[in-house]
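Trainee: Below: one structure in structure tokens.
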Number of protein chains: 2
Amino acid sequence: MKYGIAIFPSKEIQDAANSYRKRYDPKYALIPPHITLKEAFEVDEEKIKELVTELKHIANETKPFKININKVSTFAPVTNTIYFKIEPIQELTDLFDKMHSGKFPKESEHAFVPHITIAQKLSDGEYSDVRGSLQMKKVKFEDYVDRFQLLYQLENGSWTVYESFVFGKEHV
Amino acid sequence: MKYGIAIFPSKEIQDAANSYRKRYDPKYALIPPHITLKEAFEVDEEKIKELVTELKHIANETKPFKININKVSTFAPVTNTIYFKIEPIQELTDLFDKMHSGKFPKESEHAFVPHITIAQKLSDGEYSDVRGSLQMKKVKFEDYVDRFQLLYQLENGSWTVYESFVFGKEHV
């Protein structure tokens, strides 16, 4: 099965992201607003059990931390994805690194830029319009991260949570 | 916030349910296919912490169990919801009872009929068509339940998983 690992931000941030995603993100209905820690990877049932144990260790090694969102940014010209930028913070990078080393499949197509996508797969015209209007908006959110989630993908492309991992609280 | 408690069945069962939900369930995009253990209930942040501890105790008291789906059924004439019927099993009833007593909000509008909705809010004509064609189909699934999930609802009506509770594995 295909798995992925993500952080769901607070309801406030999810609601704000969805107000844009509803119109501008074709993946709106497939997963709630999230920070991807590990992109879709294929592993079998035996292997996932092993990785769940690893994820519990990682969660237990991690202390809850704050994240800040201060602006809207974009991956243009590589893709026309627009996102809430998460201010860089070591704790997120550490999580990403641990999930791309050791027993985990290591390949990552991109450098790690923590973000919450709010628009993607736009036409050039749409992109210019949306980017222009979003850059005028003030976005400012603070959130407290104390967990991440392991999800698997269904045939329709949507994601179901398999397990949550709460920092410092996992029974290994 | 509004919370709910549900079991997500195996990917195989979710994919089968979604093949109908896509056409016949207006809530298709709001939550993956699920067995509701506790309908939406409103509690504040302090109270949910207390309930999370309760849910950990409940999970630790529960042993993994099998469920069987052998037919499609309906709540007609009360509502025209069509669902995969879960064969009654004491373990599910025990979970439901524990989540509707003690510290939990107790009200439940309905008797507990464990099910996975595959169609709802149909017009009378659609209902007759869909029911007729679904009753001809053989459905037979077995699944193994070893966890449930606490979710909260966003402003758009969709649900995000807050925490998973794995039977016998929770650190209280």
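Trainee: Scan chain A and hand back the longest stretch that contains none of the GluC sites (Glu not before Pro) lying in DSSP loops with at most 16 other Cβ atoms within 10 Å.
Mentor: On the way: sites that count: A:Glu107, A:Glu109, A:Glu155.
Looking at chain A, A:1-106 is the longest stretch - no exposed GluC sites (Glu not before Pro) with at most 16 other Cβ atoms within 10 Å.
Trainee: Still on this structure: In whole angstrom, note down how far apart the Cα centers of region B:105-170 and region B:24-50 are.
Mentor: A separation of 10 Å, based on Cα centres.
Trainee: What net charge do the residues around A:Val166 carry, taking every other residue with its C-beta under 11 Å from that of A:Val166, with Lys and Arg at +1 and Asp and Glu at -1? Please report the intermediate quantities before stating the final value.
Mentor: Values: positive: A:Lys56, A:Arg147, A:Lys169, B:Lys56; negative: A:Asp146, A:Glu163, A:Glu170, B:Glu163, B:Glu170.
Summing Lys/Arg as +1 and Asp/Glu as -1 gives -1.
Trainee: Quick one: if you take sqrt(5λ) for each eigenvalue of the C-alpha gyration tensor of the protein assembly as shown, what semi-axes come out, biggest first, whole angstrom?
Mentor: On the way: eigenvalues 222, 130, 76 Å².
In descending order, the three semi-axes are 33, 25, 20 Å.
Trainee: Could you calculate the contour length gain from A:Val172 to A:Glu126, that is, 0.36 nm times the residue separation minus the distance between their Cα atoms, to one decimal place in nm?
Mentor: On the way: separation 46, 0.36 × 46 = 16.56 nm, distance 4.80 nm.
So the chain would gain 11.8 nm between A:Val172 and A:Glu126.
Trainee: I'd like the residues of region B:5-23 whose 1.4 Å-probe accessible area shrinks by no less than 20 Å² going from the isolated chain to the full set of protein chains.
Mentor: By number: B:Phe8, B:Lys11, B:Gln14, B:Asp15, B:Asn18.
Trainee: Let me ask you something else. Separation between the A:Glu54 and B:Asn60 pseudo-spin-labels, each 7 Å from Cα along Cα→Cβ, expressed in nm?
Mentor: The answer from the label model is 2.9 nm.
Trainee: Taking a probe of 1.4 Å, how large is the accessible area per residue of the protein assembly as shown, in Å²?
Mentor: Numbers: 17150 Å² over 344 residues.
Roughly 50 Å² per residue, with all protein chains present.
Trainee: Over chain A, calculate the relative contact order: mean separation of alpha carbon pairs under 8 Å at least 6 apart, over the residue count, as a percent. List each step's numbers first, then the result.
Mentor: Numbers: 299 pairs, mean separation 60.3, N = 172.
The value is 35 percent.
Trainee: Sticking with this one: Work the Kirkwood hydrodynamic radius out for region A:116-162: mean of 1/r over every pair of different alpha-carbon atoms, inverted, in Å.
Mentor: Working: mean 1/r = 0.0705 Å⁻¹.
After inverting the mean inverse Cα-Cα distance, the result is 14.2 Å.
Trainee: Hey, another quick one. So, in nm, how far is label A:Asp44 from label A:His110 when the simple model puts each one 7 Å beyond its Cα toward the Cβ?
Mentor: The two pseudo-label positions are separated by 3.2 nm.
Trainee: Counting just the Cα atoms, what span does chain B cover along each of its three principal axes? Round to the nearest Å and put the largest first.
Mentor: In descending order, the Cα extents are 48, 34, 26 Å.
Trainee: Residues with beta-carbon under 13 Å from that of A:Glu12, excluding A:Glu12: net charge, scoring Lys, Arg +1 and Asp, Glu -1? Can you show the working numbers first?
Mentor: On the way: positive: A:Lys11, A:Lys140; negative: A:Asp15, A:Glu142, A:Asp143, B:Glu45, B:Glu155.
Cβ neighbours under 13 Å give a net charge of -3.
Trainee: What's the buried accessible area, both sides, between A and B using a 1.4 Å probe, rounded to 100 Å²?
Mentor: Details: alone 9700 and 9710 Å², together 17150 Å².
Separately minus together, A and B give about 2300 Å² buried.
The values are calculated or read from the model by the stated rules, or taken from the named source; none is laboratory data. Keep in mind it's a predicted model, so treat the numbers as computed, not measured. Neighbour counts are summed over all protein chains in view; Cβ atoms, including those assigned to glycine, are modelled from backbone coordinates with ideal geometry. Accessible surface is based on the protein model in full, side chains and every heavy atom, while ligands, DNA and RNA are left aside. Shrake-Rupley method; radii C 1.70, N 1.55, O 1.52, S 1.80 Å.
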